[in-house]
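First comes the structure, then the notes that go with it.
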Amino acid sequence: MYAQLVDTGLKQVLTAADMSADEQAFQARIDDGIRIEAKDWMPEAYRKTLIRQISQHAHSEIVGQLPEGNWVTRAPTLKRKSILLAKIQDEAGHGLYLYSAAETLGVSRDELLAALHSGKAKYSSIFNYPTLSWADMGAIGWLVDGSAIINQIPLCRCSYGPYARAMIRVCKEESFHARQGYDIMLALARGTPAQKAMAQDALNRWWWPSLMMFGPSDAESVNSAQSAQWRIKLFSNDELRQRMVDQTVPQAEYLGLTVPDPDLRWNADTGHYEFGAIDWAEFHNVLKGNGPCNRERLQTRVKAWDDGEWFRDALVAHADKHRAAA
Amino acid sequence: MSKEWPLWEIFIRSQHGLAHKHVGSLHAPDAAMAVNNARDVYTRRNEGVSIWVVRAADIVASSPADKGALFEPSNSKVYRHPTFFPMPEEVKNL
Amino acid sequence: MDHKVNYLLRLGDNALILSQQLSQWCGKGPALEEDMALTNVALDLLGQTRLWYEYASELEGAGRDEDALAYLRDAHDFKNCLLLEQPNGNYADTLVRQFYFDTWHYFLIDGLTRSSDARIAAIAEKSLKEVTYHLRRSGDLIVRLGDGTELSHARTQAAVDALWMYSGEVFAYDAVDEAMVAAGVAPDAAELRAQWLAHVAEILAEATLTMPPADAWMQKGGKQGRHSEHLGYILAEMQFLQRAYPGAVW
């Protein structure tokens, strides 16, 4: 989902004829499954695309702390509070690994943050939705982290070394996130009628935005095709979304909850679930800044950054003073 | 003078590990904070680790173009690698 | 209430309320690394809370588990010190509050490792590594901010001055504390206070900050359930779900 709508800057997929000798050698390495590392020669378009993709992913992790941070002070038990705090901390860590990976491509973290704060850089659409009940903590872990895992596991094999290694690290931690979300849903589904209703309501609100996370169908997308050739996008948006639906529907059934899609049905011939039409107008609007929480999310991040400037500057001043004295 | 916190590369040797491994990077105003931050970022799930921090700007790397001259000789000395000597199945621990 | 149970709740409540306050910074810290570090402290404290509450619950034997203790007591039954319910404010306020607490907490926990109560000694032993690190961290940041820029110096000095009057409560022993000292369970106030003053003086000096007078008037009452207006709001937010859905399992 971080690879969705990433502009490669190209109008058509490069064929061997379009490529210079360097580009051909580069493509050959990718085709052979050899990882590209930070100091290797790479086409400018590959570098730029990766910077956009990795930083979008990093921004998503950081902004993603906010919808869950909204409930950490209201977690209903000490155990749930501990687990949620650990999860949010993991997300900060993931953001950090990803910014590190992006920085290997010759851009600084401060530059990337400036792009986020100015509204130029994108982050995953899903974090622009509000968390309205404790059940949302379950739904997010289950559906959103669940979807993220489906996207991230293939990226562990992507062509760019630092990104692939960051993904391996992230994936190790992510499965705990999905399970803790589902565990919350299980407790609610087995609880009082009010809790069960809370769980159903959360599923109703988070289902469609989760499917949208994977991005629109990219069968026709030049950017997706080029990214696939560069092995920084390994499956199509539709394939990943289908995987998510197939995996998740039985999980919802086990909870005794209803997926809010009247068109959802199992197709025995294809071995997949068919599902209803997604409202892509909503998705594009959310990406454009018209989602329920875009303004608040960005304002919160900008405020944290601005309010923290004196702190960061103070630490630099102290370090400078003492290095000079040493 | 730039106000941005410099970038540090972090190397961790786990409790039972033999060597420090590169685990990623982070930003910190100086080495002491880099070590503290590395503890919080890269060792959350483990205890008893050894942390090295190096300013990213201080790292000198071999150039990928040198690969041939710097590394070729080892590749042709295949007998240096354990897999070159197939052992009989019955022999364990070798 | 049994003195020891009371004492354990004081320890647990301190850690809980402070952890709750720190959690509000999640995702809003001044730098990513700092965000993670502060959350680590919050997590450590929450872990300690649960150890203290578990023991208190067993000793009390009234069937109140850790969640009943955290979520079903009203403010007047909470026994945390006033310092910890003071608002997060700007980051300097948060860090000075942390430093004042960490210094006491370190010397206290170190003392508790020698408690005549084996369980308390064990909990303290487990917590000691964490609180040692917390103190190292907060002290280090006070030095950096005090001896940083003019702005950071001013903000940190302001916090040092404003929070000073809450720093003495931990040393104002009442009958409960004295009973623990008499039983060899807890360290003596005078000793703790001397250690605290020495360490704080050292750090503030290195930070080029001015230490307020040691004999200043100190606020108190938190341990006895007489809190500031802040605690009610902290608890209302923290306890909402358990109060709104009584008896539900989460």
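The values are calculated or read from the model by the stated rules, or taken from the named source; none is laboratory data. Quick caveat: nothing in here was measured; it's all calculated off a predicted structure. We place every Cβ from the backbone using ideal geometry, glycine too, and count neighbours over all the protein chains shown. The protein model used for the area step is the full one, side chains on, heavy atoms only, and it has no ligands, DNA or RNA in it. Shrake-Rupley method; radii C 1.70, N 1.55, O 1.52, S 1.80 Å.
In segment A:274-301, what residues are β-branched (Val, Ile, Thr) and either away from every other protein chain (no Cβ under 11 Å) or surrounded by 19 or more Cβ atoms within 10 Å (Cβ to Cβ) (or both)?
Those that are β-branched (Val, Ile, Thr) and either away from every other protein chain (no Cβ under 11 Å) or surrounded by 19 or more Cβ atoms within 10 Å (Cβ to Cβ) (or both): A:Ile278, A:Val286.
Tell me which of these C:Ala121 doesn't satisfy, since it passes every other one: (1) farther than 30 Å from C:Met1 by Cα; (2) among the aliphatic types (A, V, I, L, M); (3) more than 12 Å from chain A (Cβ to nearest Cβ).
(1)
Looking at (1) farther than 23 Å from A:Glu239 by Cβ; (2) touching a Phe, Trp or Tyr at 6+ places or on another chain (Cβ under 6 Å); (3) more than 14 Å from chain C (Cβ to nearest Cβ), which is the one condition that is false for A:Lys39?
All conditions are met except number (2).
For residues that are closer than 18 Å to C:Ser19 by Cα and either of a type in the set (Ser, Thr, Tyr) or part of a loop (DSSP other than H, G, I, E, B) (or both), tally how many sit in segment C:117-153.
4
With the checklist (1) within 14 Å of another protein chain (Cβ to nearest Cβ); (2) surrounded by 17 or more Cβ atoms within 10 Å (Cβ to Cβ); (3) without any contact (Cβ under 8 Å) to a residue 60 or more places away in the chain in hand, flag the one item A:Val245 doesn't pass.
(1)
Which of (1) within 29 Å of C:Trp250 (Cβ to Cβ); (2) in a loop (DSSP other than H, G, I, E, B); (3) open to solvent by 10 Å² or more (accessible area, probe 1.4 Å) is the odd one out, the single condition C:Arg114 does not satisfy?
The one condition C:Arg114 does not meet is (1).
Could you tell me whether A:Leu98 is more than 30 Å from C:Leu16 (Cα to Cα) and either free of Cβ contacts under 8 Å to residues at least 12 places away in the same chain or open to solvent by less than 10 Å² (accessible area, probe 1.4 Å) (or both)?
It is true that A:Leu98 is more than 30 Å from C:Leu16 (Cα to Cα) and either free of Cβ contacts under 8 Å to residues at least 12 places away in the same chain or open to solvent by less than 10 Å² (accessible area, probe 1.4 Å) (or both).
Answer yes if at least one residue in segment C:51-58 is open to solvent by 60 Å² or more (accessible area, probe 1.4 Å) and either aromatic (Phe, Trp, Tyr) or in a helix (DSSP H, G or I) (or both), and no otherwise.
Checked segment C:51-58: at least one residue is open to solvent by 60 Å² or more (accessible area, probe 1.4 Å) and either aromatic (Phe, Trp, Tyr) or in a helix (DSSP H, G or I) (or both).
Would it be correct to say that C:Tyr233 is in contact with a Pro (Cβ under 9 Å, 6 or more places away or on another chain) and farther than 17 Å from C:Arg10 by Cα?
No.
A:Tyr129 is checked against (1) open to solvent by 10 Å² or more (accessible area, probe 1.4 Å); (2) touching a Pro at 6+ places or on another chain (Cβ under 6 Å); (3) over 19 Å from A:Leu298 (Cα atoms) and fails just one. What number does that condition carry?
(3)
Given C:Ala175, C:Ala75, C:Ala179, C:Ala68, which one is open to solvent by 10 Å² or more (accessible area, probe 1.4 Å), touching a residue at least 60 places away in the same chain (Cβ under 8 Å), closer than 30 Å to C:Gly247 by Cβ and aliphatic (A, V, I, L, M)?
C:Ala75
Quick grid of which residues meet (1) facing chain C (nearest Cβ under 10 Å); (2) within 26 Å of C:Leu72 (Cα to Cα):
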residue	(1), (2)
A:Arg74	yes, yes
A:Lys81	yes, yes
A:Leu85	yes, yes
A:Glu91	yes, no
A:Tyr99	yes, no
A:Leu105	no, no
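Scanning for something modelled with pLDDT under 95, touching a Pro at 6+ places or on another chain (Cβ under 7 Å) and assigned to a helix (DSSP H, G or I), does segment A:19-37 turn up at least one residue?
Within segment A:19-37 (the criterion being modelled with pLDDT under 95, touching a Pro at 6+ places or on another chain (Cβ under 7 Å) and assigned to a helix (DSSP H, G or I)), the answer is yes, since at least one residue qualifies.
All but one of (1) of a type in the set (D, E, K, R); (2) surrounded by fewer than 24 Cβ atoms within 10 Å (Cβ to Cβ); (3) in a helix (DSSP H, G or I) hold for C:Asp35; state the number of the condition that does not hold.
(2)
If the requirement is being within 24 Å of C:Leu18 (Cα to Cα) and either in contact (Cβ under 8 Å) with a residue 12 or more places away in the chain or not in a helix (DSSP H, G or I) (or both), which of these qualifies: A:Gln56, A:Gln65?
Exactly one residue qualifies, and that residue is A:Gln65.
Does C:Leu95 satisfy being touching a residue at least 60 places away in the same chain (Cβ under 8 Å) and either surrounded by fewer than 17 Cβ atoms within 10 Å (Cβ to Cβ) or assigned to a helix (DSSP H, G or I) (or both)?
Taking the combined requirement at face value, the residue satisfies it.
Among the residues of segment A:248-260, what is the count of those that are closer than 19 Å to A:Ile278 by Cβ and either open to solvent by less than 10 Å² (accessible area, probe 1.4 Å) or in a helix (DSSP H, G or I) (or both)?
Number satisfying all stated conditions: 3.
Looking only at residues that are assigned to a helix (DSSP H, G or I), open to solvent by less than 40 Å² (accessible area, probe 1.4 Å) and not hydroxyl-bearing (Ser, Thr, Tyr) in segment A:226-240, which one is farthest from A:Ala45 (Cα to Cα)?
Here the residue is A:Leu240.
Condition test on C:Arg193, is it touching a helix residue (DSSP H, G or I) at 6+ places or on another chain (Cβ under 9 Å), part of a helix (DSSP H, G or I), of a type in the set (Lys, Arg) and within 18 Å of C:Asp93 (Cβ to Cβ)?
So C:Arg193 does not fit the description; no.
Does any residue of segment C:211-224 turn out to be open to solvent by 50 Å² or more (accessible area, probe 1.4 Å) and either within 14 Å of chain A (Cβ to nearest Cβ) or of a type in the set (Phe, Trp, Tyr) (or both)?
Yes; the residues of segment C:211-224 include at least one that is open to solvent by 50 Å² or more (accessible area, probe 1.4 Å) and either within 14 Å of chain A (Cβ to nearest Cβ) or of a type in the set (Phe, Trp, Tyr) (or both).
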